[in-house]
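Scroll down for the structure; my scribbles are underneath it.
The values are calculated or read from the model by the stated rules, or taken from the named source; none is laboratory data. Bear in mind that the values here come from a model prediction, so they are computed numbers and not experimental data. So basically every Cβ, Gly included, is an ideal-geometry build from the backbone, and we count neighbours across all protein chains shown. Note: areas computed on protein heavy atoms with side chains; ligands, DNA, RNA excluded. Shrake-Rupley method; radii C 1.70, N 1.55, O 1.52, S 1.80 Å.
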Amino acid sequence: MSADEVRFAEFVLDFGRRELRRGGSVANLQNIPFQLLTLLVMKQGQLLTREEIVEAIWGKDRFVDAEHGINTAMRKLRQSLGEDPDHPRLIQTVVGKGYRFIAPIEVPGRATEPAEGKVTARRWVSGRRAVIVLTTIAACLTALAVAIRLLPHRHALRAAVAGNGTEIRSLAVLPIRDLSNDPREGYFVDGMTNLLICDLGQVPGLRVTSYSSAMRYRNTNEPLRKIAYKLDVDAIVDGVMERDGKRIRITVQLVRVAPERQLWAESYEETLGNSVRIQDHVTQSITRRIWSEIDPTRPALAVKTVRVIPKSYLDYLKGRSHQRDQTVKGRKLAVDDFREALKLDPRNAFAYVGMAEAYATKGGTYVNKDTLADTRKAALQAIALDDRLSEAHTALGMIEWFEEWRWKDGAADLRRAVELNPSSAVAHDLYSNVLLAEGRTAEGLTEAEKYVQLDPVSPPARLNLAIADILARRYRHAVIEALQAVSLDPNYVAARQVLGWAYEDCGMHLQALRELHIAVAQGGGDACKAYLARTCFESGKRLEGEQLLQEITRSGKAPYETAEVYAGLGQYTDAFKWLAKAVSTRDRDLPAYIRLDPWFNPTIRSDPRFAQILRQVGLP
């Protein structure tokens with residue numbers, strides 16, 4: 001049995017895969033009944049009140065018909081379990097109060113971890129005093145259950161419980177399908193999909209699923225309703241493109257999924273040279289239709305048009321296609337395409353944005369230090385041409401904050417990016433890091449949760465929220481999010497690294513060691529080895545911890561994480577030496593974590609040298 005599972009009766013409850021299995025079959029259990037079962041199992045033998053259920057699943061500040069919602073979820077859960085409420089063997093009803101899970105459960109690792117109800121102490125070694133952090137496996141699993149409410153799909157199910165399935169507050173634009181199957185035209189349909197997502201993302205009150213999550217459903221045969229459920233949206237934009245010689249025809253439909261009904265459909269036909277005009281027509285038509293659904297009493301929303309030379313815009317779309325390759329070759333080809341676009345139209349702000357992003361990153365949101373000047377120049381040129389481009393402010397804010405340590409300027413640009421496009425997943429991602437670094441924990445968590453809502457099937461989105469949870473001391477919530485990231489991509493090294501970090505902070509050393517060993521074996525670098533080293537010290541594997549510590553100190557590539565290890569050992573002089581190196585090399589993790597990092601305990605934080613490090617960093 002996996003460490004992410006519990007067993008009861010003939011069932012296995014798998015947290016990693018979010019499945020309930022009986023024998024070799026997966027039970028048909030919807031999201032809210034699954035959450036309810038998780039809460040019950042994790043409070044095994046204890047009363048789970050109806051108030052606790054409402055807060056964990058829907059949130060205490062949400063208006064829902066709680067009685068109806070709980071009763072419906074419990075009825076569906078009992079049906080899946082084959083449970084008779086009059087003769088319960090698993091779930092007991094406590095009339096007027098709630099429910100109690102009465103069946104014995106089997107938890108993996110219980111023999112090597114502390115027994116249920118026993119407390120283990122994590123001791124921070126200190127010459128003056130020790131800080132004891134109490135953790136229990138039972139408490140960890142209970143809080144994991146509460147964290148389930150952050151999982152996807154809660155919006156659509158919550159609306160269904162409340163009986164409100166008519167409004168469109170969220171949608172996904174599926175990749176437009178090219179019926180001609182011409183790979184040379186792939187850049188055009190992908191570009192049109194991205195344009196629709198960007199423009200619709202600026203509609204106030206509308207949440208639009210990110211491009212990366214939408215692209216997972218390229219050429220899928222899944223029903224629209226099922227896709228909408230997975231992406232947690234109210235409506236789907238779906239389209240196809242056909243090409244006949246030099247003419248193209250695009251047909252697009254807007255479908256509400258609950259109840260399923262086509263709200264709008266239209267076809268457009270143009271020459272390939274006027275393809276930009278088609279993109280404008282489609283974007284404006286859908287945006288206005290959505291706007292009328294959200295608030296029919298207000299005037300139609302003005303939609304900006306693409307005012308560039310068509311051939312220049314097509315070169316820009318080719319560049320975007322190459323850029324998504326996220327390789328050195330792909331970025332080089334993208335820059336060449338953007339340059340060609342600018343030769344044809346020097347006022348093509350989109351091309352400057354693409355160039356800034358291509359220069360800025362080595363993959364994901366890792367900043368390329370070698371091309372900072374080029375990134376800044378391209379981003380500023382894009383903003384000069386069109387200050388409303390969220391992506392330009394994102395690129396500029398990223399280098400200002402993460403590389404140049406211009407905290408106020410970077411924060412202002414990233415905040416502006418979020419304001420311009422509330423559906424920009426990348427902007428919410430980066431801005432959440434800024435807020436957490438400034439110690440604004442609640443706001444940072446909110447931004448990280450928005451990132452997940454916009455990019456629900458993105459492993460980096462789940463990872464980002466897991467890190468935010470750790471910095472907010474919500475370790476059990478962090479485990480759930482990191483598990484989600486790993487389940488989405490088992491080869492995602494950073495996700496396993498953070499999952500190990502979260503397990504360690506829960507006191508679950510067996511699971512932490514397992515994940516961190518896998519991460520190192522998958523190619524995790526010195527930061528990952530540092531996480532493993534500190535977990536080895538915490539779990540009594542001192543020899544392995546010392547060997548790892550020697551490796552990372554010889555390498556010197558992860559100064560901030562090396563300082564964390566020494567701080568955990570109580571060797572503060574060495575910790576400050578490595579913190580000073582992190583400052584001098586502008587280690588990216590230093591400003592992101594230091595203010596809230598749980599590995600720096602009150603003893604080291606009270607040392608004047610720590611205050612000096614904070615002054616050198618200069619965070620607001």
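Is it fair to say residue 561 is within 21 Å of residue 499 (Cβ to Cβ) and open to solvent by 10 Å² or more (accessible area, probe 1.4 Å)? No: the conditions fail for residue 561. Does residue 442 count as part of a helix (DSSP H, G or I), crowded, with 23+ Cβ neighbours inside 10 Å and not polar (S, T, N, Q)? No, not satisfied.
Every residue in segment 343-362 that is over 34 Å from the mean Cα position of the chain (by Cα) and part of a helix (DSSP H, G or I), please. Matches in segment 343-362: 343, 344. Looking only at residues in segment 419-435 that are buried (at least 24 other Cβ atoms within 10 Å of the Cβ) and among the hydrophobic types (A, V, I, L, M, F, W, C), the one that is farthest from residue 457 (Cα to Cα) is 434. For residue 24, the criteria (1) at positive phi; (2) small (Gly, Ala, Ser); (3) at pLDDT below 85 hold in every case but one, which is (1). Do you know which of the residues in segment 342-361 that are hydrophobic (A, V, I, L, M, F, W, C) and closer than 13 Å to residue 381 by Cβ is modelled with the highest pLDDT? This residue is 342.
Within segment 78-107, residues that are in contact (Cβ under 8 Å) with a residue 24 or more places away in the chain and within 13 Å of residue 7 (Cα to Cα) reach partners that are among the small types (Gly, Ala, Ser) and not in a strand (DSSP E or B) with beta carbons closer than 6 Å, at six or more positions or on different chains, in the pairs 90/103; 103/9. When residue 388 is tested against (1) out of contact with any His (no Cβ under 7 Å at 6 or more places or on another chain); (2) in a helix (DSSP H, G or I), just one condition goes unmet, and that condition is (2). In the set 269, 293, only one residue is touching a strand residue (DSSP E or B) at 6+ places or on another chain (Cβ under 9 Å), modelled with pLDDT under 70, of a type in the set (Asp, Glu) and surrounded by fewer than 22 Cβ atoms within 10 Å (Cβ to Cβ); that residue is 293. Among the residues of segment 554-564, those that are touching an Asp or Glu at 6+ places or on another chain (Cβ under 9 Å) and either in a helix (DSSP H, G or I) or on the phi > 0 side of the Ramachandran plot (or both) comprise 555, 556, 559, 560, 561, 562, 563, 564.
Residues checked against (1) acidic (Asp, Glu); (2) open to solvent by 10 Å² or more (accessible area, probe 1.4 Å):
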site: 565; (1), (2): no, no
site: 574; (1), (2): yes, yes
site: 581; (1), (2): no, yes
site: 599; (1), (2): no, no
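Among the residues making up segment 477-503, those that are open to solvent by 10 Å² or more (accessible area, probe 1.4 Å), under 18 Å from residue 5 (Cβ atoms), of a type outside the set (A, V, I, L, M, F, W, C) and part of a helix (DSSP H, G or I) are 484, 487, 496. For segment 227-263, how many residues are free of Cβ contacts under 8 Å to residues at least 24 places away in the same chain and more than 23 Å from residue 179 (Cα to Cα)? Residues that pass the stated criteria total 1.
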